[in-house]
Amino acid sequence: MATPAFARRRAPDGGRRGQAWSWLAVAVLGVLLALQLFLAQRAQLAADAGTRPFATAVCSVLGCTVPPWREPSAWTMLSRDVAPSASEAGVLEVTAAFRNQARWPQPLPVLTLSLTDRHGRVVAARAFTPEEYQSSGVPSVVASGEAAQVHLRVREPDTDIVAFSFEFR
């Protein structure tokens, strides 16, 4: 009477070699899954200050890119001025200088300029994209601790303007 297959003894190394390949295959597939998850989530990892260094380091090895750092609250206004144009009636000359106080370089922000009348009402407001205010001397990405200066020309509203404010987005 023959013994059943599950009760027979295997060759000493035949079963172990198959197990080693199985574990190696599982490890390789696990690494590939982790890599795929990283690549799919790299934008979210790069947007968090705690995981951004890890994401940029891994992407520098893998050759992938992470989106630029965006932290609008880290822009600090250094100087600002709104004055009537000396050369053109009905136009306001707007100048502003601001510094990137973030830990990493970041692209220029969207600047929102609001003009207020003597009653505290906003009579005009406009958001300017970097493409609209960026001149040849202004870099598109500002390093940490560096400043940028912009110059805008806007049409003056009919109402008397007594105040203005800037907001970074």
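When D158 is tested against (1) without any contact (Cβ under 8 Å) to a residue 40 or more places away in the chain; (2) crowded, with 16+ Cβ neighbours inside 10 Å; (3) acidic (D, E), just one condition goes unmet, and that condition is (2).
Could you identify the single residue in T116, T129 that is more than 29 Å from the chain's Cα centre (by Cα) and among the β-branched types (V, I, T)?
Only one candidate passes the filter, namely T116.
Of the residues screened, A96 is not one that is loosely packed, with under 10 Cβ neighbours inside 10 Å and under 30 Å from L115 (Cα atoms). Residues in the stretch 30-59 that are outside any helix (DSSP H, G or I) and hydrophobic (A, V, I, L, M, F, W, C): A49 only. What do you reckon, is V61 among the β-branched types (V, I, T), under 26 Å from A143 (Cα atoms) and touching a helix residue (DSSP H, G or I) at 6+ places or on another chain (Cβ under 7 Å)? Answer is no for this residue. Would you confirm, using the coordinates I've provided, whether R103 is assigned to a strand (DSSP E or B), basic (K, R) and at negative phi? In short, no. The residues of the stretch 129-145 that are closer than 22 Å to R103 by Cα and surrounded by 12 or more Cβ atoms within 10 Å (Cβ to Cβ), listed by number, are P130, V138, P139, V141, V142, A143, S144.
Here, each number is a calculation from the coordinates, and none is a lab measurement. Computed from a prediction, not measured in an experiment: that's the story for all the values here. All Cβ positions, even for glycine, are placed from backbone atoms using ideal geometry, and neighbour counts span all protein chains on display.
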